[in-house]
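Have a look at the structure below before the remarks.
The values are calculated or read from the model by the stated rules, or taken from the named source; none is laboratory data. Small disclaimer: the values here were computed from a predicted structure and weren't measured. Backbone-built Cβ (ideal geometry, glycine too); neighbour counts: all protein chains shown.
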Amino acid sequence: MFAALYWINAVLTLVALALWLSAGHLTGRLRKARTTGRLRRVSRAALAATLLAVLPTVATAALIGGALGSYGTVVMADRLYVQFPMILAGLAVVLVKGLPRLWRTTGIGGDPAEPVPVERARAVTGPWLVVPVQINAVVTAVSGYLWWISPPLGRTAVVWWAVVVAAVLVLVVRQRRRRAALASEDKDEPRLVSVMRIAAALLAVSVTVGGGLLWSAERSRLPEHHSANGHGDYDLGGGSDVPGTATGRHGAHAPAAASGRSVDSLTERDLSGSVRRFELTARTARIRLDSGRTIDAWTFNGSSPGPELRARQGDLVEVTLVNSDIKAGVTLHWHGYDVPNAADGAAGVTQNAVAPGDRMTYRFRAEDAGTYWYHSHQQSDEQVQRGLYGALIVESAPVKGADIAVLYREWAADRVPGGARVFGTTDGLRRQRTSPGTPVRLRLVNTANEPVDLTLAGSPFRVAAIDGGELHGPGEIRGKTLPLAAGGRYDLTFTMPAHAVELRSAGTGGPTLVLSPDGRGRAPAQAANGVFDPASYGTPAATPFGPDTRYDRHFTLNIDSSFGFFDGRPAMRYRINGRVFPDIPNMVVREGETIKMTFVNRSYDHHPMHLHGHHVQVLTRNGRPVTGSPWRADSLNVAPGETYEVAFKADNPGLWMDHCHNLFHAKVGMMLHLVYAGVTTPYESGTATPNQPE
Ligand code: C2O
Ligand code: CU
């Protein structure tokens, strides 16, 4: 719904702009009419254009007003202080001043061949007739710019009001001069002069616009070297100042010399107990989908998804990554797993990408049971797309029954003809024999960039866990659509009935997994039964954070859509508080603090927000508290127009990435860092380094 605002608005703005420009042009030409008949004709055309232009403008105002009503002032703040009042003011002045004057002009009587009397000519050259129409063209252009190019935040609102006020002044002064010149303006300007004037104006506009474009393209280039230690300013989240940072007006400035603990020192300390060892070799290989189609993929140990890593809760997990032939280098990130910072696998933040021929060992304690996944965090958008990912499962007890990890993903059409949506390597239908009475756990992982709708037909089931965290009192549900966030996981449990059960992904051409006692048959057809909502599922239980919690810091991430440049190329950027990587300030915390974060999605796209090294507890969605089981997330889909408040304890020191897990969004700048006071990194990312985390 919210996304539709953007597209409807785009069409309305374009139509309105064309109409206001022609209406403004026609009203400006009234003074040139030499005869009464001509004046009548031009004014009728101007009146018609103005009336037509009012329609899309009123519709735009209604759209914003309606959105304000349904999404509230927090989500709509970037439309509230500039566009909305500006559009209303433009409409008011044209309805009250411009239109009545135009209307009167169309009604003048007299012989069409009669010359226009001087008094009449002065009247139709008056600022109150012309400027209200013309200023609406300016307002519409500004409003379009603010919707698509640069939604106004905070102080920039003032700038845009100043622009419009200046435009009013210029137009009024111009109109007065024209009126004063009427008497002497007996003869029209020679054609050549007016053509040259228009050419000069066009040239000036294109030089300004072109220069502006070049300048912002240049300015958006990624640095050769960039350190996650800080880019000049910090976000303290309203909390106390942090040693080593001096608070400035816009936050705090980085200390000249970074001092403190290096991310390298933040390793797993306790190496005792049973060890689970794995070796993952990243290499190019041809993989085969169930249908027989093949893909030249980037794999771990020759397969994509890579090997399913299973450990028992309490084990020490030790994974050696070997890079055989992935030229850009690879890393391993344990998505959703709260590992020690040094094992996080973020290229340029916690390590250098592992070059071909090199190896590196990751160690962490499997403290939490549940469903997780791993993927390369070097050029992650590309590398995950090409296949460098797999499941990480930590079992709390020996598995009884069927325990199946299902990794959903989408292969793009340039990797396999026509593209493929798959569960693992299944691009059609896969069958698995399961005897009646078997307890089944399906571990669903969405490794794609977009949320996916999954359904389970043939049996009632429970959503036992979200993002690895077991839910409290999950009730039995049937037939509900399960929208799974990009990067997110749901564990579904049920007891195998005597007939087939099937897991499907919504839409045509998606994969299907059929479990049945005899390896045949399909699940009975099933009516859709609404959408699963984690905010009201299960029963409440005690949580570390409640309505009375005092937070040490509160970070607000306002997300919007802005068309601009990223690294010198035009891109639709999803900004956080008006900025993109690497300009988004680090969020600074101290160990032990209680942190609140608010996500506000003002853009037209989904943003699965993913903070490394921590799990957040969801407090509210769109202002309403979570009423069901405590909801712990690491990949939280913030849909267009939604607001979430989440909380976490700063209990895992390090320098952590925080980004959108639509990895394409992260690649074009939707990433920032959470840094613990005193923790620094010796690694760098940037074009002159081997590290590009996204
Ligand atoms: Cu799965 Cu930083 O990501
Ligand atoms: Cu995003």
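Tell me, which strands (runs of 3 or more DSSP E) wholly within the stretch 427-482 include 1 or more residues that are crowded, with 21+ Cβ neighbours inside 10 Å and among the aliphatic types (A, V, I, L, M)?
Per the criteria, 439-446, 452-457, 462-466.
Just one of (1) farther than 24 Å from A448 by Cα; (2) part of a loop (DSSP other than H, G, I, E, B) trips up F494, so point out which.
Only one criterion is unmet by F494, namely (2).
Counting just the residues of the stretch 629-642 that are part of a strand (DSSP E or B) and of a type in the set (A, V, I, L, M, F, W, C), which one comes out farthest from ligand 2 (Cβ to nearest atom)? Outline the logic, then answer.
Pass one, the stretch 629-642, residues part of a strand (DSSP E or B): 632-633, 635-638.
Then drop every residue that is not of a type in the set (A, V, I, L, M, F, W, C), which leaves 633, 636, 638.
Numbers: A633: 15, L636: 11, V638: 8 Å.
Result: A633.
Of the numbered conditions (1) surrounded by 12 or more Cβ atoms within 10 Å (Cβ to Cβ); (2) hydrophobic (A, V, I, L, M, F, W, C); (3) modelled with pLDDT under 90, A256 satisfies every one except a single condition; which is it?
Checking A256 against (1) surrounded by 12 or more Cβ atoms within 10 Å (Cβ to Cβ); (2) hydrophobic (A, V, I, L, M, F, W, C); (3) modelled with pLDDT under 90, the one that fails is (1).
Among the residues of the stretch 643-679, which ones are modelled with pLDDT of 95 or more, part of a loop (DSSP other than H, G, I, E, B) and within 16 Å of ligand 2 (Cβ to nearest atom)?
Those that are modelled with pLDDT of 95 or more, part of a loop (DSSP other than H, G, I, E, B) and within 16 Å of ligand 2 (Cβ to nearest atom): H661, N662, M670.
Within the stretch 557-607, which strands (runs of 3 or more DSSP E) (wholly inside it) include 3 or more residues that are of a type outside the set (A, V, I, L, M) and away from ligand 1 (no atom under 16 Å from the Cβ)?
By residue number, 569-576, 594-601.
Does G348 satisfy being within 16 Å of ligand 1 (Cβ to nearest atom) and over 18 Å from F278 (Cβ atoms)?
yes
Residue pairs, Cβ under 9 Å, 6 or more apart or interchain, first in the stretch 376-396 and within 16 Å of ligand 2 (Cβ to nearest atom), second of a type in the set (S, T, N, Q) and part of a loop (DSSP other than H, G, I, E, B). List them.
S380/T331; S380/Q692; D381/N449; D381/N662; V384/S376; V384/T447; V384/N449; Q385/N449
Considering only residues of the stretch 498-516 that are of a type outside the set (A, V, I, L, M) and farther than 25 Å from I393 by Cβ, which is surrounded by the most Cβ atoms within 10 Å (Cβ to Cβ)?
Within the stretch 498-516, the match that is surrounded by the most Cβ atoms within 10 Å (Cβ to Cβ) is H499.
If I go through the stretch 5-55 residue by residue, how many of them are among the small types (G, A, S) and without any contact (Cβ under 8 Å) to a residue 12 or more places away in the chain?
2
State yes or no: is G109 surrounded by fewer than 19 Cβ atoms within 10 Å (Cβ to Cβ) and farther than 30 Å from V158 by Cα?
yes
Show me the helices (runs of 4 or more DSSP H) entirely contained within the stretch 113-203 in which 3 or more residues are within 25 Å of V96 (Cα to Cα), free of Cβ contacts under 8 Å to residues at least 24 places away in the same chain and out of contact with any strand residue (DSSP E or B) (no Cβ under 6 Å at 6 or more places or on another chain).
So the answer is 156-181.
Going by the conditions given, is G628 of a type outside the set (V, I, T), within 14 Å of ligand 1 (Cβ to nearest atom), over 22 Å from the mean Cα position of the chain (by Cα) and modelled with pLDDT of 95 or more? Steps first, answer last, please.
Values: of a type outside the set (V, I, T): yes; within 14 Å of ligand 1 (Cβ to nearest atom): no; over 22 Å from the mean Cα position of the chain (by Cα): yes; modelled with pLDDT of 95 or more: yes.
No.
T50 - would you say it is surrounded by fewer than 16 Cβ atoms within 10 Å (Cβ to Cβ) and of a type in the set (S, T, Y)?
Answer is no for this residue.
Would you be able to tell me the number of residues in the stretch 352-390 that are within 13 Å of ligand 1 (Cβ to nearest atom), outside any helix (DSSP H, G or I) and either under 14 Å from Y683 (Cα atoms) or not aromatic (F, W, Y) (or both)?
Final tally of qualifying residues: 7.
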